[in-house]
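The values are calculated or read from the model by the stated rules, or taken from the named source; none is laboratory data. All of these numbers come straight from a predicted model, not from anything done at the bench. Cβ placement follows ideal geometry from the backbone for every residue including glycine, while neighbour counts extend to all protein chains displayed.
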Amino acid sequence: MSLPRAYVEHVAIRVRDIDWHVRFFKDVLGLGIRDEKPAAGEIPRQVWVLGGPQLIEDPAFEAPEGRLAHLGIMVDDYDGVLARAAAWGATALQAGPNWLVLPDGLNIEILQASAGAVEATLAIDPRA
């Protein structure tokens with residue numbers, strides 16, 4: 001049996017001032033917005049920045065603890081990963097069967113990648 005292949009597609013992070021963070025990622029790193037929900041002005045506003053960060057607006061957020069909301073992980077074997085995760089003690093969250101909480105409280109979102117996407121992404125050498 002071969003091991004499944006996966007990669008972290010996004011990391012969801014709580015931030016107090018989402019507009020400041022969006023400008024920082026754009027102006028300093030050149031990373032634009034990939035998606036935004038709900039519409040501007042509604043809370044909690046969420047912005048997905050190209051390259052992986054998902055920013056979740058939380059005006060009351062004050063400390064680094066609790067900043068991480070979840071990890072979004074692309075997999076090549078969705079059903080197999082969910083079955084193996086359950087065998088390891090992960091349980092589904094109310095958001096759906098692909099939203100899991102691990103025994104120590106870490107939340108992960110499992111996403112099915114398109115054919116060949118995981119292999120192509122893992123083949124990238126970020127230091128080349």
Filter pass, L55 being more than 17 Å from L111 (Cα to Cα) and in a loop (DSSP other than H, G, I, E, B)
no
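Yes/no matrix, rows are residues, columns are (1) among the hydroxyl-bearing types (S, T, Y); (2) surrounded by 14 or more Cβ atoms within 10 Å (Cβ to Cβ); (3) part of a strand (DSSP E or B):
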{"position": "E9", "(1), (2), (3)": "no, yes, yes"}
{"position": "I13", "(1), (2), (3)": "no, yes, yes"}
{"position": "H21", "(1), (2), (3)": "no, yes, no"}
{"position": "F25", "(1), (2), (3)": "no, yes, no"}
{"position": "V28", "(1), (2), (3)": "no, no, no"}
{"position": "L31", "(1), (2), (3)": "no, yes, no"}
{"position": "D35", "(1), (2), (3)": "no, no, yes"}
{"position": "E42", "(1), (2), (3)": "no, no, no"}
{"position": "V47", "(1), (2), (3)": "no, yes, yes"}
The stretch 66-85 - residue that is small (G, A, S) and surrounded by 15 or more Cβ atoms within 10 Å (Cβ to Cβ) and, of those, nearest to H10 (Cα to Cα)
G72
So A92 fits all but one of (1) of a type in the set (G, A, S); (2) free of Cβ contacts under 8 Å to residues at least 60 places away in the same chain; (3) within 15 Å of V11 (Cβ to Cβ); (4) assigned to a strand (DSSP E or B); what number is the exception?
(3)
Among (1) closer than 25 Å to S2 by Cα; (2) part of a loop (DSSP other than H, G, I, E, B), where does P97 come up short?
(2)
Checked against (1) among the aliphatic types (A, V, I, L, M); (2) under 22 Å from V15 (Cβ atoms); (3) in contact (Cβ under 8 Å) with a residue 12 or more places away in the chain, A63 satisfies every condition except (3)
So, in the stretch 93-128, exactly how many residues are under 29 Å from E65 (Cβ atoms) and either at pLDDT below 90 or within 16 Å of the chain's Cα centre (by Cα) (or both)?
19
If you go through the stretch 12-24 one residue at a time, do you hit one that is out of contact with any Ser or Thr (no Cβ under 7 Å at 6 or more places or on another chain), closer than 22 Å to D125 by Cα and not acidic (D, E)?
no
A careful count of residues in the stretch 86-110 that are more than 27 Å from R16 (Cβ to Cβ) and surrounded by fewer than 18 Cβ atoms within 10 Å (Cβ to Cβ) gives 9
Got a number for residues in the stretch 100-127 being acidic (D, E) and not in a loop (DSSP other than H, G, I, E, B)?
2
